[in-house]
Each structure stands twice: as structure tokens, then as C-alpha cells.
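K.L.:
Pasting a structure here, questions to come.
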Amino acid sequence: MHDAFNVYTVIEKLPHKIESIFAQGDKLYVGTFYGTLLVYSVREPLGQDEAISVTLVETLKTFSKKAIEQIDILKAVGVLVSLSDGYVNLHDIDSYALRTQLGKTKGANLFSVFSRIEIQDELIPQVVTRLAVAVRRKILVFSWQDSEFKDTKEYSVPDRVRTMEWVGTQNLCIGFDSEYALMDCKTSVLTPLFSPSSPSAQSALGSTLESTLNTLNNFSSLATGGLMGFGSKPGKPLITRLPNDEILLGKENSSISVGVDGTPKRKSGIEWSGTPEELGYSYPYAVAILARHIEIRNIETRALVQSAEMPHARLLTQGKLLYIASTTEVWRLIPNSFSQQIDELVQKEEYEEAISLINQIDPVLLEDSAATMRRIKSMFAHHLFRNHRYEEALSLFLELDIPAEDVIALYPAVISSHLPPKEVEVSSSPKPDAGDSKDSGLKDPPPIIMSTKELEDAVGCLIRFLADKRQKIQKSLLSLQQSTESFSYSHLDYDMSVDDHVQILDVVDTALLKSYMLTNERLVGSLLRVTNYCNLEETENLLLKHKKYKELVDFYKGKGHHQKALELLKTIHTVPGEMYGVLPTVTYLQRLGADYLNLIMEYGTWVLELDPITGMKIFIDDEPEIDTLPRSRIIAYLERLSLNLCVMYLEHVIHGLNDQTSEFHNTLVVSYLTQIQRDSAAGNDDSVHKTRLKLLQFLDESTNYKAERILSRLPVDSCYEERAILLSRIGQHDQALNIYVHKLRNFQAAEEYCVKNFDSSDPTKNVYLLLLKVYLKPPNKEKPMLEPALDILTRHGNHINPTAVLNLLPPSTKVDQLFKFFEKSIRESNKTKHMDMIVKNLLKAERLQTQEQLTFYRSRRVKITEDRMCPKCNKRIGNSVFAVFPDGVVVHYSCKESMAAMNRWHS
């Protein structure tokens, strides 16, 4: 509660019994039981300490013969309206002389006035004034436009009207003994409110909140046979007009506000401490006269604002000029300034009431209302937090866009320890963004003590707050990075740079990480695997403390601290768990790429030493980053580390990736040779055999190595087959054949060599002839090998010149030994001769055909006459350049291509 009004007694111990009161401007009108009208002049207090001054200026004893039951003023018409002796009378507003007595109103018991500017059919604004008078079971409505009387309408109602008020421009809300109804003055339709069959009741029962239903149930419990239906026990209905075409309806100790359509407009009704005798409204409060006191309540929150002892009070006025009267006394309630009321509410920590008050009043009535509202909401949010209403507090913090560090600082050190000391010092109370903190009445509250359950609840709410903040700040940061101008991320009037955003995200993400660790550790990985701004030192300590090694590795990777990640993997590779062994390190190194080759080689060494097969996946697995690694540096690195691993990598590069680099092929051959020498010295014959098979196959298939360089690396007394292949690559066929024949004694291999390397287009390099020379002209005066030479002549003699053969054969060679050679040679010669003759005759026939065609085409003629037309464009050929198709069709040269295309399409 607070002092919304100051109460003054303006009239006391009046000798006349007061029947009615009305106030307008600086005038107070009092109607008495004996028909006397008392007019008072009112001087408002100029200061807080000054009292109100009320002076009696006129006493009209002959105003009426009977009690003045009701008073009002029609300002647009210039009359004072009174109800007395069952009639409604119109008096001059200045002289109070009776202008007219409305004869139709005989038997009237109350009236209601209404005045508003309306747009008429001519689109001209006019002041429309209406006077509704209740007369027994009918209602009379008198209308004026500007100051001219317009018409009178009469409406029948089912019961005597106990109270009524205008709602909107055309509707009357009427209170009977036990029912409320809305009457449309245009259509004369009367709609009961809150009856089971009425649309308004069905809407209320179907769509409003539980508190509204409770109020309606209270209304229904006061009547029998239905919701306030006819036939129930009579009670005093009360109707009060509210702003925005709302009305406040009362029954017993309950009140509910409804709109022009009869449906409830607020979440719940007002429950008074007793049964009101009268209801009123003074912006922005509802006022009720009870048995011995009055109550003033916030119409929005329904909270009791103020109460005052006023025995026997029975009358009140509406609006800003709030007067309350008993039979002999009149009190004036003057509102305190809204800023004063708000300050008092804040001092009493009644923040909801202060917020409700600011929401209801016009912003012009409160200096800097937006900043005041923000300040009070901030204080309210902190108040909620201190009272362990965390979800409400965090929602309000989010609505106010309170800086994340201020909210985090409210939490215990387990969440807020990463904040700088100065942040923690000031963040326990709202930021003084709407004035000095001294003026706001705030003090630094003591630290909040939370139980384990309370801390979990509070952190759960914080997670939602931080997630929302994180999304907004990241969006702001992205916009700022894409723009050259500064970008403000909140409604506060300050700009933030990229560094400012990053600093805030550091605080937010670190707090979010701590919150996850406290409530749901499974979410830690999802935060650290994406782009985050968690504080490095805080995150390291926290994750190491909880042995979250995988998450820490992900965090290091995201931050680019690869050496720290790899060092951690090396340290924990013997710790049982998901990071056990070398595979996590291998996987990490695979995804680093060429920019981190030195790091790959540094931490790949211990992996290759511990598990070479798995470790080689760093260089030979199917990952896009591996393809970017410089192969020459990897080969050099592996050569220093292990010859076998180097060979494995070279085989992958050459055979798997089809790399044609000559240097790599040379290196592989040399590596094979080195392996052979090493294994041979160790007596490992199986390994030597396998390696030699791979070497021979590679030398035979590859075309990218440099044979000259390899030859110098071969041992003198071994590797004859390898030497032969290399000699063949450099064109030294005679030396290669010498090796097959004299070193290896493998005549079949020598013959296969000739088959493979024979080139019929180059007779000067006839390998078969070279092989004959090796057989028949051996070095060192060895005996000629006539038998294998004759075998070659028998099988491949057709590829050797007979003259050269005869010059090589020893004189002792028998002719019959050469029979097959000569037979094959002669047949081959005859075959060649006959083929040449056939070709000659074919060419001669082709020449004759060509000459015949030439003669035919030279003899063709085309005659161009004056009438000859182009079939394509249908124009004369004339002297234009033309073209002739094989079928004799003549067209313009420019029409040739399109005509040819048409012919192709038809064909």
C-alpha cells in the first residue's frame, strides 16, 4: 500500500442532509434532501503543504421543492441537469434558473449523460450529447448535436432500472435488481450479460483465464436459477465507466470490467474486503465506498492501494475531481504526483504496483517515463532474483536487455568467478541508467545464498538467458564484421566495437560452459565443438578438473591451440577411455593440413614409433587435408625416421595417387635397392625376394624414373635383371641382351626381350639382329652359340635381313640348318612383293576414277536467265553471286547455308 491520495475534509457538519454531489472545474455542487442547491468555489492547493480551500458561493433554497437526487452538467448544451421529485430538469448553467422540465420523464429514478465528438454523415465533426433517463420500465434518450436538440427515443426494458452508464457512443449498460444487460440504442436490442445463453458469457467462459472464471463464478453464486437471471434475490447493482469504453460492474464484494461487447477485458476481477455501497473511478484507480471506510485499488493488479476511514460515506464523484460525501460531510481526495507515488512504491519494494502504475498513466505525466520504467523493472528483476523467483527474474532481465555480466555476477563463484572484480562489485544491483543510484534508493544487497536445488533451478534459467544473449550478440558481431560502421546490439545508446562484442561473448560463453558443467555435462561438447569464445584459462582448469579430455581437445582445436591439444593427447594416450591409444592423435593430425606440417611431423614421430601401421594413416588416409601436404617433405621426414615407412608412403603416392613425379619414382627404386642390400646383409632371403619382385615389376612398368641415375646405384656383382631393364630404357639393347645370354643364361628371357622391344619402323635398331650378334660373336673369344641362334632364325627370321644373317653365320653352318629360315624369309619377301603390286594397281584405279569425275564436273553447265529465281528467297538471280548444288539447284550465295540446312533436315 501507498498514499495515492491525500484526504481533506472540505465540508463538515452541514445542517442539510446531502442527497447528491457533482464537481466540475472549480465548482462543487451539493444537492440536499430539502431541495437546496449549494454551490462551492474550490481553490486547489498550490503546494504539498497547502490545504484545499472550499468557499460557499451560492445557496439556492428554491432550486427544487423536493430532494435533489442527482446532478450533472451538459457542458456542450450549457445546462445543469438535476433529478428531483421524479422529473429531470434542465437549468441554466450560469444562473441555475429552470429552463425546462422534461415532462416525459415523470417517474424517473436516475439518468446518465454522455458527450463526445462524432463524425456525422457529412463528414463534419460535431459534439453529440445524449441524456438517458430511466422511467419505470422504459428508458428515454434525449439527443443534442452541438447545442441544438435533435430527438427523443423511447426503449422498453423488462424491469425497473437500478443503475446505468453509457458504453461507447450507442450502447447503454443497464443494471436491474439481479441482472446486467447491454442495450444497443440503434437497434433497440437488449442483450443480458453473464446469462448462460448469452454470447458474452460463452465467450468469457470459453476464452478468459482461470481468475476471470472464478470472478464469474462468484457472480453466479449470488443468484438463483442461473447466472444473475430474473427471479433471484434483489441486490444493488453498481456500474462505473472506465476509459477506453470499459465498464466496471459490481455485485456484492466482486467487480469485473467488461467491454462494449460485454466480454471481460481483464484477466481477473476485483475482490473488495466488503460489499461496496458505491463504485467510482479516478484515473487510474477504482474506488469503492464500504460500510465504514473506502478502498482504493489498482484496477490492473487488483491490489489494495489505500484505505481511509470515512464513516457513513454514501456518495462519490467520478474522475479527477474525486469527492466523497456522507449525509453531513464531504471529503476531497487529491492525488499525489505520480512520481511521488512511484518513489514510495519503490521504497516499499512494491515494484509490480509501480510498473502497473507507469503502464496505466499517460507518459507525459511522468518525466522520462521510459527510463523510469526500465530502472524500476531492473530493480524488480533483482528483487525477484533475491527472492528465488529465478525464471521471472531472468525473463525480465532478458526483456530489459540487461548486460550479461551483470546477471552472471548475481550467481555464486562457481558460475561468476571468471568476471573481473570490478564487474562483480557493481553487478549485484541495477545499473544506474536512469539516474544516480543514490536517487534510486538502491543498496548493494548481501550475497544470495542458494541451496543445491535452488542453484540448479537458477542455473537452468541462466542457460536460457545466456543462449538468447549469445544468439543476439553473435548476430550483431556478424553484422558488424560485414560492415565498416559501428553497430549497436541493444536499445541502449552505446556503440560496441568488434573487441567489445568478443569480450562480452567471452563472459557469456564461459558462464554457459560452467552452467552446463553444473547441470548437464552432455551439452559441454556441443558448445566447445562450435565456434565459441570461452575463456582459455577458465575452460582449461574446469575441463581438466572434471577430466573432460575429449571436450578440452575439441576446445583447443576450435581455438587453434593445436600444440596444446596434441601435447594433451600425447600425455593421456595411456589413460583408459575414449582418448586411449594413438588413434585420437592420428585423427587430429590428419585434419591439420599443410600449414601445420612441422607440428604434424613433431607429434607424428612418437605415434609412428609406437604404432607404425596406424600412424601411417596420418599421411596415407583418405582425407582432403592429407592431399594438401607437401609430399617431398614427408618423404624426407620418413626417410630419416624409417626406410620401410618411406617405401610405404612412396607406394601409396605412386600406385594409389598415380603421382608421376620423376623424383618420387627414383626415390622408390633407390629405397627398394637399399632394402635389398640391408636384408641381404641380414640374411633375410624372403624379404630380399619379395622386394626384388616389387622392384622388377616397378622398373618394368614405370616410365618416370631416370635409368641413368639408377644404374650407378646397382651393385656390380648382382641385380643383373634390374640392370638389363635399365639398359633397355636407355637404348643399350646389346648390353641388355648380353646380360640375359651370358650372365643369366636365360635364352627365353632374351627372346622375350626382343619380342617386347622390336620396332619394325626402325631397321637400324633390329634387336633380333643384335641378339644374333650376341649369340654368334661372343666376347672374350668364347665359342659361338649356334643352336640358340638358329632357334631365333627359325621363329623370327622374317624380321631379320638375310644378308646380315649370312654375314654373321660361321662358314661351317650347314645349309639344311637354314632351310626353315630361308623358307620363311622367301615367303615373307614374296608376300611383300605381291602386296606392293596390289597397292600399286589400286592406286592406279583410284587415279583413273578421279580423272573421270574431274572431266564430268568440268563439263557441267548452268544457265542463268533473266527469269531464273532463287528457290530459297524467291528473288531473281540476276547478276548476283550464286551457288550450285550437286542436284543442279541454283541459289544466291547468301542463301546457300540456309538451303543446305533445309536439305539436311528433309533428308
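K.L.:
Taking SER880 as the residue in question, decide whether it is of a type in the set (Gly, Ala, Ser) and in a loop (DSSP other than H, G, I, E, B). Walk me through it before giving the result.
P.N.:
On the way: of a type in the set (Gly, Ala, Ser): yes; in a loop (DSSP other than H, G, I, E, B): yes.
Criteria met by SER880.
K.L.:
Another question, if that's okay. Under the condition of being over 20 Å from THR628 (Cβ atoms) and charged (D, E, K, R), which residue from the range 652-681 is surrounded by the most Cβ atoms within 10 Å (Cβ to Cβ)?
P.N.:
So the residue we want is ASP679.
K.L.:
Here's a follow-up. Spot the failing condition for ASP685; the list is (1) surrounded by fewer than 18 Cβ atoms within 10 Å (Cβ to Cβ); (2) more than 27 Å from GLU752 (Cβ to Cβ), and only one is missed.
P.N.:
(2)
K.L.:
Collect the residues in the range 319-348 that are farther than 17 Å from ILE361 by Cα, under 59 Å from the mean Cα position of the chain (by Cα) and polar (S, T, N, Q), keeping them in residue-number order.
P.N.:
Within the range 319-348, just GLN347 meets the criteria.
K.L.:
While we're on this one: Test each condition in (1) crowded, with 21+ Cβ neighbours inside 10 Å; (2) more than 28 Å from GLY604 (Cα to Cα) for ALA565 and report the one that comes out false.
P.N.:
If we test ALA565 against (1) crowded, with 21+ Cβ neighbours inside 10 Å; (2) more than 28 Å from GLY604 (Cα to Cα), just (2) comes out false.
K.L.:
Here's a check for you: in the range 489-502, which residue that is modelled with pLDDT under 85 and among the acidic types (Asp, Glu) is surrounded by the most Cβ atoms within 10 Å (Cβ to Cβ)?
P.N.:
ASP495
K.L.:
Here's a check for you: in the range 503-531, which residue that is surrounded by fewer than 15 Cβ atoms within 10 Å (Cβ to Cβ) and within 20 Å of the chain's Cα centre (by Cα) is nearest to GLY460 (Cα to Cα)?
P.N.:
Step by step, filter the range 503-531, then rank; the result is SER526.
K.L.:
Among residues belonging to the range 743-794 that are among the acidic types (Asp, Glu) and over 21 Å from LYS820 (Cα atoms), point out the one that is nearest to the chain's Cα centre (by Cα).
P.N.:
Initially, the range 743-794 is screened for residues among the acidic types (Asp, Glu), giving 751-752, 759, 762, 782, 787, 791.
The next check asks that each one be over 21 Å from LYS820 (Cα atoms); those that pass are 759, 762, 782.
Values: ASP759: 72, ASP762: 75, GLU782: 92 Å.
Looking at residues that are among the acidic types (Asp, Glu) and over 21 Å from LYS820 (Cα atoms), I get ASP759.
K.L.:
Considering ILE676, ILE626, which residue is of a type in the set (A, V, I, L, M), within 23 Å of GLU722 (Cβ to Cβ) and touching a helix residue (DSSP H, G or I) at 6+ places or on another chain (Cβ under 9 Å)?
P.N.:
Numbers: ILE626 fails: within 23 Å of GLU722 (Cβ to Cβ).
Criteria check complete, one pass: ILE676.
K.L.:
What's the number of the only condition in (1) closer than 20 Å to LYS777 by Cα; (2) buried (at least 20 other Cβ atoms within 10 Å of the Cβ) that GLU722 fails to meet?
P.N.:
Condition (1) is where GLU722 drops out.
K.L.:
Something else: If I filter the range 526-542 for residues that are more than 28 Å from ASP406 (Cβ to Cβ), in a helix (DSSP H, G or I) and hydrophobic (A, V, I, L, M, F, W, C), do I get at least one hit? Steps first, answer last, please.
P.N.:
Narrowing the range 526-542 to residues more than 28 Å from ASP406 (Cβ to Cβ): 529.
Filter once more, so that each one left must be in a helix (DSSP H, G or I): 529.
Adding the requirement that they be hydrophobic (A, V, I, L, M, F, W, C) leaves none.
No, there is no match, as no residue in the range 526-542 is more than 28 Å from ASP406 (Cβ to Cβ), in a helix (DSSP H, G or I) and hydrophobic (A, V, I, L, M, F, W, C).
K.L.:
Taking the range 90-104 as the region of interest, how many residues are polar (S, T, N, Q) and part of a strand (DSSP E or B)? Outline the logic, then answer.
P.N.:
Here is the first cut: in the range 90-104, the ones polar (S, T, N, Q) are 95, 100-101.
Adding the requirement that they be part of a strand (DSSP E or B) leaves 100-101.
Total meeting the criteria: 2.
K.L.:
Hey, any hits in the range 604-614 for a residue that's farther than 21 Å from MET648 by Cβ and of a type outside the set (Asp, Glu)?
P.N.:
First, the residues of the range 604-614 that are farther than 21 Å from MET648 by Cβ: none.
Scanning the range 604-614, I find no residue that is farther than 21 Å from MET648 by Cβ and of a type outside the set (Asp, Glu), so the answer is no.
K.L.:
Looking at the range 590-607, can you tell me whether even one residue there is in contact (Cβ under 8 Å) with a residue 40 or more places away in the chain and among the acidic types (Asp, Glu)?
P.N.:
Checked against the condition, which is being in contact (Cβ under 8 Å) with a residue 40 or more places away in the chain and among the acidic types (Asp, Glu), the range 590-607 yields no hits at all.
K.L.:
What residue, of GLU69, GLU50, GLU12, is at pLDDT 95 or above and either loosely packed, with under 14 Cβ neighbours inside 10 Å or touching an Asp or Glu at 6+ places or on another chain (Cβ under 9 Å) (or both)? Break it down stepwise before answering.
P.N.:
Values: GLU50 fails: at pLDDT 95 or above; GLU12 fails: at pLDDT 95 or above.
Only one candidate qualifies: GLU69.
K.L.:
Sticking with this structure for a sec: Here's a check for you: in the range 545-556, which residue that is closer than 20 Å to GLY581 by Cβ and assigned to a helix (DSSP H, G or I) is farthest from the chain's Cα centre (by Cα)?
P.N.:
Let us first name the residues in the range 545-556 that are closer than 20 Å to GLY581 by Cβ, namely 547-554, 556.
The next check asks that each one be assigned to a helix (DSSP H, G or I); those that pass are 549-554, 556.
Details: TYR549: 30, LYS550: 28, GLU551: 25, LEU552: 27, VAL553: 28, ASP554: 24, TYR556: 26 Å.
Per the stated criteria, the residue is TYR549.
K.L.:
For TYR705, all conditions in the list (1) within 24 Å of GLU752 (Cα to Cα); (2) in a helix (DSSP H, G or I); (3) within 60 Å of the chain's Cα centre (by Cα) hold save one; what is the number of the exception?
P.N.:
Status for TYR705: all satisfied but (2).
K.L.:
Identify all residues within the range 22-35 that are over 30 Å from LEU345 (Cα atoms) and buried (at least 20 other Cβ atoms within 10 Å of the Cβ); write none if there are none.
P.N.:
Within the range 22-35, PHE22, LEU28, TYR29, VAL30, GLY31, THR32, GLY35 qualify.
K.L.:
Also: What pairs can you find where one residue is in the range 274-299 and without any contact (Cβ under 8 Å) to a residue 24 or more places away in the chain, the other is part of a strand (DSSP E or B) and surrounded by 22 or more Cβ atoms within 10 Å (Cβ to Cβ), and their Cβ atoms are less than 7 Å apart, with a gap of 6+ or different chains?
P.N.:
Taking only residues 6 or more apart or on different chains, the pairs are GLU295/ALA288.
The values are calculated or read from the model by the stated rules, or taken from the named source; none is laboratory data. Remember, it's a predicted structure, so these values are computed and weren't measured experimentally. Every residue, glycine among them, receives a Cβ derived from its backbone with ideal geometry; neighbour counts consider all protein chains shown.
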